[in-house]
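First the structure, in the form of structure tokens, and then the observations on it.
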Amino acid sequence: MAAIAFDHPFLSGLVGDEETSAFFTAEADIAAMLQFEAALARAEAANDVIPEAAAQAISAACAVFSADFSALRAATARDGVVVPELVRQLRAAAGEASPYVHAGATSQDAIDTSLMLRLKPVAFLFTARLAAIELRLAELQQAFGNRPLMGRTRMQAAIAITVADRLHAWRAPFNGYRETLTGLRFPLQFGGAAGTLDKLGDKAAAVRNSLAQELGLVDIEQWQSQRATIAEFAGLLALISGSLGKFGQDVALMAQAGDEIGLTGGGGSSAMAHKQNPVAAETLVALARFNATQISAIHHSMVHEQERSGASWTLEWLVLPQMAIATGAALRLAHDLARNISRLGATDP
């Protein structure tokens, strides 16, 4: 048993997903924060808030910056956030441009924007994986759709259906999830100390718009204490993993029946050499239940007191990355499981 299974040396082979996890490493987080700081400098220079030469120097410093992670860790323990120490290190690297680093911004701007910059490619990744699963299920329907299958309600034999009926139930949610993922708006977070961009005066809106364009994010007014964007994304993760869990549960039950499905690549047993355990199917169920539990924490984190909440914000950091990795793992496993289905239904009609 490990504290976090998703990056465990061997448990991650079951429930982890390297491609998704790569967006939630410390290195990826810092790189996205540096992207924010460089873009902020350019946006402020474009609107005559800081000198152009300073923006160029800050962008150059960000491009080659190497963080002192030991110092970041110690400072985060003290400050509760990594940004003050990161900005201190970046200012040291920026030389004469140091007074203009992070001008008008606050820690939450860098951290939340970093998250949006990383969730955006995660959404693209998940969209592609859903499409791959849909394609494989369509292939199975073409091959086996007309075969008879016993329909079951409340886990009891009901009436005869076809394999196509079962496949339709599995496939039905995926197109909607892909459309939702494709239509998501990933907003810039840029509000300054209390969400009012007070230090930028009448140039606040123009700088925010320029910054959003620089980063390829949506320009909206500050959302630092309104966390629906996070909750909606997490809710979608729970829905996706839940539908994949239904697929896994059905496959495991079909495998138990013995004559309804053919599977390759099952897991071995240390005690019974004859067994082919439906490991991927079972793990889909576990990941679905994990995310169903975690979504409650995200809903709790929506209660942000006043203009910023340290407690609710920290709760998001604890929960959202694990939900994303769990969903990435579920998509990976579901595709593998679908590819390992060699037969559906007992016989040809």
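The values are calculated or read from the model by the stated rules, or taken from the named source; none is laboratory data. Model, not experiment: these values are computed from the prediction. Note: ideal-geometry Cβ built from the backbone for every residue, glycine included; neighbour counts use all protein chains shown.
Just the residues that are in contact with a Phe, Trp or Tyr (Cβ under 7 Å, 6 or more places away or on another chain), buried (at least 22 other Cβ atoms within 10 Å of the Cβ) and of a type in the set (Val, Ile, Thr), please, taken from segment 198-252.
Residue satisfying the conditions is Ile240 alone.
Within segment 1-58, considering only helices (runs of 4 or more DSSP H) that don't extend past its boundaries, which have at least 1 residues that are modelled with pLDDT of 95 or more and in contact with a helix residue (DSSP H, G or I) (Cβ under 6 Å, 6 or more places away or on another chain)?
So the answer is 18-21, 26-46.
With (1) of a type in the set (Gly, Ala, Ser); (2) modelled with pLDDT under 95; (3) farther than 14 Å from His335 by Cα as the list, and Gly235 as the residue in question, which single condition is left unmet?
Looking at each condition in turn, Gly235 falls short on (2).
Here is a list: Ala32, Ala5. Which entry is surrounded by 15 or more Cβ atoms within 10 Å (Cβ to Cβ), closer than 21 Å to Leu217 by Cα and out of contact with any His (no Cβ under 7 Å at 6 or more places or on another chain)?
Ala32
What is the residue count in segment 155-208 for residues that are among the aliphatic types (A, V, I, L, M), closer than 30 Å to Ala281 by Cβ and in a loop (DSSP other than H, G, I, E, B)?
The number of residues fulfilling the criteria is 3.
How many residues are in contact (Cβ under 8 Å) with a residue 24 or more places away in the chain, exposed (fewer than 14 other Cβ atoms within 10 Å of the Cβ) and closer than 18 Å to Leu253 by Cα when one looks only at segment 142-168?
Of the residues in that region, 1 qualify.
Quick one: how many residues across segment 320-349 are over 15 Å from Thr283 (Cβ atoms) and either surrounded by fewer than 17 Cβ atoms within 10 Å (Cβ to Cβ) or touching a strand residue (DSSP E or B) at 6+ places or on another chain (Cβ under 8 Å) (or both)?
10
Mind listing just one residue for me: the one in segment 181-197 that is surrounded by fewer than 16 Cβ atoms within 10 Å (Cβ to Cβ) and not aliphatic (A, V, I, L, M) and, of those, nearest to Val49 (Cα to Cα)?
Filtering first and then ranking leaves Thr196.
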